Amino acid sequence: MATSRTGTTKWLHIAKQARHQAQTNGQTHCPICHTPLDYTHGRTPNSAEVDHITPASLGGTDTLDNVRIICRLCNQRRGNGKKHKPPKHGNTKTRAPHVTRTTSTDTW
């Protein structure tokens, strides 16, 4: 069974160091949305999470200089850091639904 990259011993060590460093430096709020960070409870919208500044999918590394602490909500919104383009709305006309008409008199 394959292990996720963020489940490796190296990543867990980096994440622990980053959280400790942020608390030691007095980081109490998310640098993106300014919500108070919760270092004691995980998986809540304001829990402190370690975020890759440059995602691994875009060539980022699992090092302290490539991570930061942000709230869980901002971390989930960021995803892998790629900006999602809105859908194109070139054709704004809506089509009428296709209707099948029966011409048989058996259904009357």
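The values are calculated or read from the model by the stated rules, or taken from the named source; none is laboratory data. Predicted model, so just to flag it, every value in this text is computed and none were measured. Positions of Cβ are generated from backbone atoms using ideal geometry, with glycine treated the same way; all protein chains shown enter the neighbour counts. What goes into the accessible areas is simple: the full protein's heavy atoms, side chains included, and nothing from ligands, DNA or RNA. Shrake-Rupley method; radii C 1.70, N 1.55, O 1.52, S 1.80 Å.
Restricting the search to region 57-85, which residues are closer than 15 Å to TRP11 by Cβ, open to solvent by less than 60 Å² (accessible area, probe 1.4 Å) and in a helix (DSSP H, G or I)?
Hits for region 57-85 are ASN66, ASN75.
May I ask you to list the residues in region 27-67 that are touching a strand residue (DSSP E or B) at 6+ places or on another chain (Cβ under 7 Å) and polar (S, T, N, Q)?
Passing the criteria: GLN27, THR28, THR35, THR44, ASN46, SER47, ASN66.
In region 64-83, is there at least one residue being of a type in the set (Val, Ile, Thr), out of contact with any Lys or Arg (no Cβ under 9 Å at 6 or more places or on another chain), modelled with pLDDT of 95 or more and closer than 28 Å to ARG5 by Cβ?
Yes - at least one qualifying residue is present in region 64-83.
With the requirement that a residue be within 23 Å of ARG77 (Cβ to Cβ) and among the polar types (S, T, N, Q), what does region 24-56 give you?
Within region 24-56, GLN27, THR28, THR35, THR40, THR44, ASN46, SER47, THR54 qualify.
Within region 17-32, is there a residue that is at pLDDT 95 or above, hydrophobic (A, V, I, L, M, F, W, C) and outside any loop (DSSP other than H, G, I, E, B)?
Pass one, region 17-32, residues at pLDDT 95 or above: 17-32.
This time we only want the ones that are hydrophobic (A, V, I, L, M, F, W, C), so: 18, 22, 30, 32.
Adding the requirement that they be outside any loop (DSSP other than H, G, I, E, B) leaves 18, 22.
Yes, region 17-32 has at least one match.
I'd like the residue in region 22-56 that is touching a residue at least 12 places away in the same chain (Cβ under 8 Å) and open to solvent by 90 Å² or more (accessible area, probe 1.4 Å) and, out of all such residues, is nearest to VAL67 (Cα to Cα).
Step by step, filter region 22-56, then rank; the result is GLN23.
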